[in-house]
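Read the structure below first, then the notes.
Taken together, the values in this text are just the output of simple stated rules run on the coordinates, not laboratory data. What you see is a predicted model; the values in this text were computed from it and never measured. Reconstructed Cβ throughout: ideal geometry from the backbone, glycine too, with neighbour counts over all protein chains shown.
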Amino acid sequence: MSVVSELLAAIAGLPRPLLVVVVGALVLGECTLGIGFVVPGESGLLIASAAVTDFGFFLTLSASVALFAALGDNIGFLFGRRYGWRLRESAAVRKLGQRHWDRAGTLLRRYGVGAVFVSRFLPVVRTLTPAAAGSSGLGYGRFLPASLLGAGAWSALHVAIGWLAGASAKYVEHILGGAGWAVVGALVLSGAATWLWRRRKARRTGVGTEVTDDFSGSEEFDRAA
């Protein structure tokens, strides 16, 4: 059994209720203000989605993840409503990046409640937009539907990507076999080596040009003298 098969088998071997809870907790952390910087919710979701083998579990996982994501949005919104624009100067926002907070504010001014849906697909910004929305005074009755729609679309998209990626990995492994993976690895290494060689050559050429230019400039200076 290859590494790909072992990894997918380990993921698929988890009890499905546990898998849903674990990935849901990761997504909740990623979507909650101040935790998203360290919790790999999106990556965990894609990996866990490789365990999807039927449409029924696809719906279950997508719906569960959407609810956890929306819960994270609501927590952020309540933080924003409670502390207002002072959150921009908080340690959590500084860690995530104040430029992302400003970007969230720009989206809200430009698109209104639609920014809550759009930002769901923007890394980091999606963590800060709910809090920025709460700070901006956006009504909760308008925020909640946009949050649920965004979380549902984001969840379904990522679970589908993970499902297809897992199925594709198994298919490629079946077609290529162990020797085929070795060939793929060799091609990747060759490509990386070629890129490094060209980059090093370009640097040397640039250095040589700079040295020639400096020397030519000194000759002109001597003739002028």
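Quick one: Debye curve from the C-alpha atoms of the stretch 62-138, no solvent, what's log10 I(q)/I(0) at q = 0.12, 0.18, 0.20 Å⁻¹?
Once normalised to I(0) and log-transformed, intensities are -0.28, -0.63, -0.78.
If we sort 67-74, 114-121 on the protection proxy, mean other Cβ atoms within 10 Å, highest first, what's the order?
67-74, 114-121
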